[in-house]
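Data block below; observations after.
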Amino acid sequence: MQPLAVRGPDELDNAFAIAASEKMGALLVFSHGFAVMHDRRIIEAAAKQRLPVMLHRHEKAVQTLQAGGRDALRRRGALH
């Protein structure tokens, strides 16, 4: 397990790109204020880099998928 620090939402894309380039197998996002506020961006950044991610709130991922994100996530390899 390796920590991946992000201090603001503008750092998410770069952090996920680093995670992908370092061949991290998956990401575990702990439940806290930042993750709750930016969970949709976290899902999108993970999908963009084709990284599996476990979030604090399963229902938010389901909402994202129901809102039309399923096809985009599947195309990017983030949904199986």
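Brief remarks on what is shown
- Sorting the segments 38-51, 4-17, 21-34 by their residues' average number of neighbouring beta-carbon atoms within 10 angstrom, most packed first, yields 38-51, 4-17, 21-34.
- For the pair residue 31 and residue 7 in one chain, pulling the backbone fully straight at 0.36 nm per residue adds 7.1 nm over the alpha carbon distance.
Read the figures in this text as sums done on the coordinates, not as results from a lab. Please read all numbers here as calculations on a predicted model, not as lab measurements. All Cβ positions, glycine included, derive from the backbone under ideal geometry; neighbour counts span all protein chains shown.
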